[in-house]
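Colleague: My structure is below; once you've seen it, I'll send some questions.
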Amino acid sequence: MDVLGAAVGLIEDFPRERALQMLRERAHAMHEWRTSITSQLPADPDLDAWGPIGEVLSLWLTTADTGAQWTHRLIRRLEEGAMAASSAPEEEAASSKLTTTLHRAVVMGDSHGKHVRAAQILDSALERDKDTATAAELLETLAYRAELALRAEDPAAAADDALARARAITLSQAERDKLADILAALEDMEAILRPAQRP
């Protein structure tokens, strides 16, 4: 959620149509996730009577519903002209393979709970685009990669790889100001890891 919030904070850096496209993809993924759950359930199930399993299913369905509602609301706002939009050509935004892959990994990790698969996708993308992606794209992607490692209870991967690589990225002051939320999220993750790294 921290990375999703940071990504929304950068939405004005995208052309409006590109931002709308990514949000529509997210809404579709949320719908597919909900369908994958309900298709396995009987008609009108009483989840309250299913004990812990029912609570987990209720959590998933509520997450899918609220995530889709929020996404559709943001789509409507952008379609109505809310917020500024980048004046960069659509082709320039679309050419960012790493940003597109990050968006797909966030959907897979946050919406589907497939943290390991999302991490594998990001590892391949980071290797592929390490010489062509911008500093901001690399930082955002590495931040989410570190978050996935923490979710998978793999602090070594988070600290020794993703966070270390993120710290090594050179940023201008303007970039630091724009990426303040992501930098703060990185600091929070480092703070979580410090006790685990003590001998």
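Throughout, read-outs are computed from the coordinates displayed, never taken from laboratory work. These numbers were taken from a predicted model, which means no experiment stands behind them. We place every Cβ from the backbone using ideal geometry, glycine too, and count neighbours over all the protein chains shown.
Colleague: To make sure I understand, if each residue's beta carbon is the centre and we count other beta carbons within 10 Å, what order do Thr101, Thr170 fall in, fewest to most?
Modeller: Thr170, Thr101
Colleague: What list do you get for Leu74, Leu41 if you sort them by fewest beta carbons within 10 Å?
Modeller: Lowest count first: Leu41, Leu74.
Colleague: Obtain the nm distance between the two label points defined at Asp48 and Thr62 by a simple spin-label model: each point lies 7 Å from its Cα along the Cα-to-C-beta direction.
Modeller: Distance between label points: 1.3 nm.
Colleague: Please give the FRET efficiency for Thr38 paired with Ala191, using the beta carbon to beta carbon distance and R0 = 35 Å, rounded to the nearest 0.05.
Modeller: Approximately 0.35, to the nearest 0.05.
Colleague: Same structure again: For Thr132 and Ala174 in one chain, what is 0.36 nm times their gap in residues minus the Cα-Cα distance, to one decimal in nm?
Modeller: 13.1 nm is the gain from fully extending Thr132 to Ala174.
Colleague: Please give the FRET efficiency for Arg167 paired with Lys97, using the beta carbon to beta carbon distance and R0 = 25 Å, rounded to the nearest 0.05.
Modeller: Efficiency at R0 = 25 Å is approximately 0.60.
Colleague: What does the charge count around Ile11 come to, taking other residues whose C-beta lies under 11 Å from its C-beta (Lys +1, Arg +1, Asp -1, Glu -1)?
Modeller: Neighbourhood net charge equals +1.
Colleague: Arrange the following residues from fewest to most other Cβ atoms within 10 Å of their Cβ: Thr134, Thr71.
Modeller: With the sparsest Cβ surroundings first, the list reads Thr134, Thr71.
Colleague: Still on this structure, I have one more. Please label the shape of region 96-199 as rounded, prolate or oblate, based on the square roots a ≥ b ≥ c of the eigenvalues of the alpha-carbon gyration tensor (a/c under 1.5 means rounded; beyond that, a/b larger than b/c means prolate, else oblate).
Modeller: Oblate shape, in that a/c is at least 1.5 and b/c is the bigger or equal ratio.
Colleague: Give me the one-decimal nm value for the distance between modelled label points at Val8 and Leu20, 7 Å along each residue's Cα-to-Cβ direction.
Modeller: Each label point lies 7 Å from its Cα, and together they span 2.0 nm.
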